[in-house]
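This report concerns only the one structure given below.
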Amino acid sequence: MSFEDQLRETLRQEPAPADFRAKLMARVQAESRAAALPAPWWKRRLSLALAAALVAGAVIPAGVLEHERRERERGLAARNQLLTALAVTNSTLRHTREMIRRNTRHS
Amino acid sequence: MDANQSMVFSLALRYLRDAETAEEIAQDVFLQLYRQFDRIQSTEHATFWLRRAICHRAIDESRKRKLRPRIGLESVPEPPAETAAPDTMLNERLRRLVAGLPDAARMVVLLRYQEDLDPAEISKLLDMPVSTVKSHLHRSLAVLRRKLEKMQAQTIRAQAREACS
């Protein structure tokens, strides 16, 4: 027998312990059971709190942004109204001044 | 599955020389395979995956637990002469010599002679260049052969002394 064949003979596979498969199946089943069990109360509470925080984190900034947008729009509308009012006042004043000037010239 | 069980267990056992730890990490590797079974495409893929996983896990375990001191083959104490049947004695001596190989060389030798893989397959499993695998094999074989011959010569001398006295 060559040295390499001797090594092959020496290092041939050993059978796994007889209860290897049973132990493995027990671990697999334990893992599946753990995955199927409902989470404990504190875990559920924690999940709810986290979900609430996430929702709040998403909703609050959106609300704030919407409020700011509306305020800006209202400000713009007020500014436009004021500009229109000023324009009207200006034209009225100009018209009045013209009337006074005309009356003064005729009398 | 039985063939894979023996393969995984034997690789861990021969690498770590600790049956309890070998069984534990072999179980872990199978459990890991079960968790990602949907990613496995064929039985060959499963065998490759298991082999790769157990090699890396055994190497990690060896490093973590410092099961094996960092010593070269030359400093491994030679096993005492035994009175068991010659074949059993030779096998046990060889196993001990292989167990004394440095980590990387030991895994390469196990994959070559236990699993009958060629250097290219070993290189893929261990993420090691083929030339390094070949070099580990060449050097390990030379050292194992020399060490074994030395041990056998000592045994013959001891037997001769016994016969004379």
Condition broken by B:S62, with the remaining ones in (1) at pLDDT below 90; (2) over 22 Å from B:P102 (Cβ atoms); (3) small (G, A, S); (4) not assigned by TED's automatic domain parsing to the domain that holds B:L144 satisfied: (2)
Residue among B:L137, B:L110 that alone is within 20 Å of B:S6 (Cα to Cα) and buried (at least 19 other Cβ atoms within 10 Å of the Cβ): B:L110
Restricting segment B:1-54 to residues that are hydroxyl-bearing (S, T, Y), farther than 16 Å from B:E115 by Cβ and without any contact (Cβ under 8 Å) to a residue 40 or more places away in the chain, the residue that is least open to solvent (accessible area, probe 1.4 Å): B:S42
Residues of segment B:19-49 classified as at pLDDT 90 or above and either within 23 Å of B:V109 (Cβ to Cβ) or within 12 Å of another protein chain (Cβ to nearest Cβ) (or both), total: 18
Test: A:R12 is open to solvent by 70 Å² or more (accessible area, probe 1.4 Å), part of a helix (DSSP H, G or I) and facing another protein chain (nearest Cβ under 10 Å): no
Qualifying position, being farther than 30 Å from B:A19 by Cα and not in a helix (DSSP H, G or I), among A:P17, A:P38, A:P61: A:P38
Output for segment B:141-165, where each listed residue is in contact (Cβ under 8 Å) with a residue 60 or more places away in the chain and open to solvent by less than 50 Å² (accessible area, probe 1.4 Å): B:V143, B:L144, B:K147, B:M151, B:T155, B:A158
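The values are calculated or read from the model by the stated rules, or taken from the named source; none is laboratory data. Quick caveat, the model's predicted, so the values are computed rather than measured. Note: ideal-geometry Cβ built from the backbone for every residue, glycine included; neighbour counts use all protein chains shown. When the accessible area is computed, the model is the full protein with side chains, heavy atoms only, and any ligands, DNA or RNA have been set aside. Shrake-Rupley method; radii C 1.70, N 1.55, O 1.52, S 1.80 Å.
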